[in-house]
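Data first, discussion second: the structure below is written as structure tokens.
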Amino acid sequence: MTLQVGLTGGIGVGKTTVSKILSHLGVPTFNSDLCSKDILKKNIRVKKDIKKIFGNCVIDHSGEINKKELSCIVFSDKKKLQFLNNLIHPIVMQRYNKWLSTQKTNYIIKESALLFEAGVSSKLNKIILIKAPVSLRIKRVSERDKRTKKEIQNIIVNQIEPSHLYHKVDFVINNNGGLLTPKIIKLHNQLLNCF
Ligand code: ATP
């Protein structure tokens, strides 16, 4: 049986970076956030519902969802964030379960910024939390995304404070600027020994 390991943490902590290192080590990874983006782009029913609830301001001139506008709205309104999660999450789960059924390694990684918010954490065998200092996260995300410091801070304050999750997770990786790869190799070996 393939065991399911969740990988979570707030914006810009380095989830995808850690996933890529694990992927190089041969671990299959499923990126829930990329999957959500794909659903937002392609799922006609989801797009229709979003337009109905959030209005035309979240649709750009080519008829696509304006993700920057949408994230500004939902990250300053918890109810709207919940609505969006409820709309997209069941479809992500369907795709994930289908993907999982084809995996054959000892363990797989399910990456998601909203593992706890989406209520899927109990279905996972182990959970890794990535953390990094807020100042470093803001610096890295503003270089990556051209978002303003204020926009990034707004997302951070609406996400769960990492220290509130320590007792719910199995591993905490501090991506604080030191060498990351050795930490992930050590984690990988620990995970292989768990199973
Ligand atoms: P998001 O939640 O926004 O998807 P994330 O948690 O997946 O972000 P990454 O995309 O992995 O975070 O990292 C954010 C940015 O910081 C990226 O540009 C990445 O290359 C850079 N980064 C992450 N970790 C490190 C590191 N240890 N050293 C240098 N740059 C890093």
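No value in this document is a laboratory result; all are computed from the given coordinates. As the structure is a computational prediction, the values presented were derived from the model and not from experiment. For neighbour counting, all protein chains shown are included, and Cβ atoms are generated from backbone atoms with ideal geometry for every residue, glycine included.
With axes computed from alpha carbons, what is the tilt in degrees of helix 44-54 against the longest principal axis of the chain, rounded to the nearest 10 within 0 to 90?
Roughly 60 degrees, rounded to the nearest 10.
Choose one of 22, 85, 180: the residue whose Cα lies farthest towards the positive end of the charge dipole of the chain (beta-carbon charges +1 Lys, Arg; -1 Asp, Glu; about the Cα centre).
85
Please get the size of the charge dipole for the chain, origin at its Cα centre, with Cβ charges of +1 on Lys and Arg and -1 on Asp and Glu, quoted in debye to the nearest 20.
Its charge dipole is roughly 240 debye.
Any chance you could give the angle, 0 to 90 degrees and rounded to 10, that helix 149-158 forms with the longest Cα principal axis of the chain?
70
Select from 13, 39, 132 the residue farthest towards the positive end of the dipole of the chain; place +1 on Cβ of Lys and Arg, -1 on Cβ of Asp and Glu, and compute about the Cα centre.
Checked the options; the winner is 39.
Where does the chain land at 222 nm, in deg cm²/dmol rounded to the nearest 500, when only DSSP H runs of n ≥ 4 count, each adding -39500 (n - 2.57), divided by all residues?
Taking each H run of at least 4 residues, the total per residue is -16000 deg cm²/dmol.
When ranked by the protection proxy of mean other Cβ atoms within 10 Å per residue, highest first, what sequence do the peptides 60-68, 10-18 form?
For the peptides 60-68, 10-18, the packing ranking is 10-18, 60-68.
Could you tell me which of rounded, prolate or oblate describes segment 23-124, using a ≥ b ≥ c as the square roots of the eigenvalues of the alpha-carbon gyration tensor, with rounded for a/c under 1.5 and, failing that, prolate when a/b is larger than b/c and oblate otherwise?
Judged from the Cα gyration tensor, segment 23-124 comes out prolate (a/c at least 1.5, a/b above b/c).
Does the chain classify as rounded, prolate or oblate by the C-alpha gyration tensor (a ≥ b ≥ c root eigenvalues; a/c under 1.5 gives rounded; else a/b over b/c gives prolate, otherwise oblate)?
Judged from the Cα gyration tensor, the chain comes out oblate (a/c at least 1.5, b/c at or above a/b).
Angle check, please: helix 78-100 long axis (alpha carbons) against the longest principal axis of the chain (alpha carbons), in degrees 0 to 90, nearest 10.
Taking Cα atoms only, the helix is inclined about 50 degrees.
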